[in-house]
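What follows draws every value from the coordinates through simple rules; no lab data is involved. Everything numeric in this text was worked out from a predicted model, so none of it was measured. Virtual Cβ from ideal backbone geometry, glycine too; neighbours counted across all protein chains shown.
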Amino acid sequence: MRYSVLLGFCLALFLVACGGDGISIEKPCPGSPPPLVLCPGLDQSFGIGGWTVLDSTTGGEPGWVGIDTEIDGSGRIVVAGSSRGNWVRDMRLWRFDDTGALDSTFGVGGSVVHPMPGGVDDYAVAVVIDGSGRILAAGRGRGPGSGYDVVVWRVDSSGALDPSFGAGGVAVYDHNPGMGADDWATALALDAGGNILVAGSTRPTRWDHDTLLLRLDPAGDLDPSFGTGGVIAQDFSGGTNLSDYARDVIVDSSGRILLTGHLTSDLNRTGTDLVVWRFDPSGVLDPSFGNGGLATYDRSMTSLTVNEIGYALALDAIERIIVAGTLSPVPGSGWSTDAALWRFDPSGVLDQSFGAFGVVLQDGAVGKPDSEDAAFSVAVDASGRILAGGQSTFAFCTTDMVVWRFDDRGTLDPTFGCQGVFTHNPEAGHPRSSSASSIEIDRLGRIIAVGAGSSSDFGINLTLWRLLQ
Ligand SMILES: [Ca+2]
Ligand SMILES: [Ca+2]
Ligand SMILES: [Ca+2]
Ligand SMILES: [Ca+2]
């Protein structure tokens, strides 16, 4: 299938961003790409011309990947990701000041790295900051004989590991001890009591993923009052070797826990289906939401399997649920993958007043029709406008970062970027890829996007952008 081949080539950064096994960098495209055309919106007071990049070649360690970002109470920008040294990948945090410069009061020169014992790969992919200013990051690390395990780190505001959390600042969870199975965290949230919700997946067999949700108390221990001993690990796909996977978690004003991700149905050959789960505060699926606690979306037809994936969740002011992700293939977009947004009402019913029957699809953000597009992040600003961050293919094998802005009805906002869409590639002519994996809105309404750009040495560079509202 054409779209799956393109996905393999063009969403290499997406695999890095979203926890894929391999890290592969695409090759430069042949030919002479046209010059970079910038849409308005970059905040010239940030970095150099509105963006900043940590180049792995000048930074000393190749492959700096920033995946998630959070803004602290002082307006500083914290980024979680990983870096590679001596062929091993280690979790890394960075903190930037308001001008986009690394904050030298954090860690060493603005950065904290924590190599797990044993010289194994570990990754941070999510970050939150608690009410005391402590920074929590989650991801995965590989324990001896246990495959990947969920790892949560906590550091104080200076970047030092917090000895009052887990073991020396690190909490590790292996779902099936002795089985050597992979367990991954993809997202983090805090509830009103300061408990830590960790969403992700566990992998009972090589070809299967099951949805995983943990609740840790503020000391980093599993909370026995939640799920089974602090853990919910459940197959929602209804069959063996079918993947279901949580990719984001948020807590609503009633303390209910919402996840998004996907499940796979083999009964109706519908491929992956978008799912939003809602659990009550004790970890029980909420029967008043969707169908038994799950709201799902599938566009498959008799002759066509359509795959939907949710990557990110946000709530608006009246707690409608907005999901960002992908839908593919889209017949109207040349059977390509489109970035997708869905909105559900608070009871889990698709909101027909949003987009077309509850769904917004986006294709061709960089001006190339039938491109491969993805939205990995979503936020709602103080005016109720919806922002999504992601990427779109420019040439056969390169992507540009994209931020879309929509009004409350899911219509592109023409006052933002180029007719509602901002795109950027750090290298003029788009010879290589960039992608936004996370967006946040700061206290002044400015939009922070963090992501990755590949460079001429085939390394990956951490890249930050700031856009004016
Ligand atoms: Ca494991
Ligand atoms: Ca499964
Ligand atoms: Ca489907
Ligand atoms: Ca598309």
The FRET efficiency for S353 and L285, from their Cβ-Cβ distance with R0 = 25 Å and rounded to 0.05, is 0.40
Two-site label geometry, A192 and A219: point separation in nm, points 7 Å out along Cα→Cβ: 2.4 nm
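Classify the stretch 169-286 from the C-alpha gyration tensor, please: rounded if a/c falls under 1.5, else prolate or oblate depending on whether a/b exceeds b/c.
Verdict is oblate for the stretch 169-286.
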Toy charge model, Lys and Arg Cβ at +1, Asp and Glu Cβ at -1: the chain dipole around Cα centroid in debye, rounded to 20, equals 660 debye
Based on C-alpha coordinates, I'd like the Rg and Dmax of the chain, in Å. 20.4, 60
Given labels modelled 7 Å from the Cα in the Cβ direction, how far is it in nm from T105 to S164? 2.0 nm
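For the stretch 40-159, which semi-axes, largest first and in whole Å, follow from the square roots of 5 times the eigenvalues of its Cα gyration tensor? Provide the component values of the computation, followed by the final result.
Working: eigenvalues 130, 59, 27 Å².
Those come to 25, 17, 12 Å.
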Expressed as a whole-number percentage, the relative contact order of the stretch 221-290 with C-alpha contacts under 8 angstrom and at least six residues apart is 26 percent
Please compute the contact order of the chain in relative form: average sequence separation of alpha-carbon pairs under 8 Å and at least six residues apart, divided by the residue count, as a percent. 14 percent
Given S333, V360, F416, which one lies farthest toward the positive end of the charge dipole of the stretch 2-467, if we put +1 on the Cβ of every Lys and Arg and -1 on the Cβ of every Asp and Glu? S333
Signed unit charges on C-beta, dipole axis of the stretch 2-467, positive-most listed residue F236, T393, A312: T393
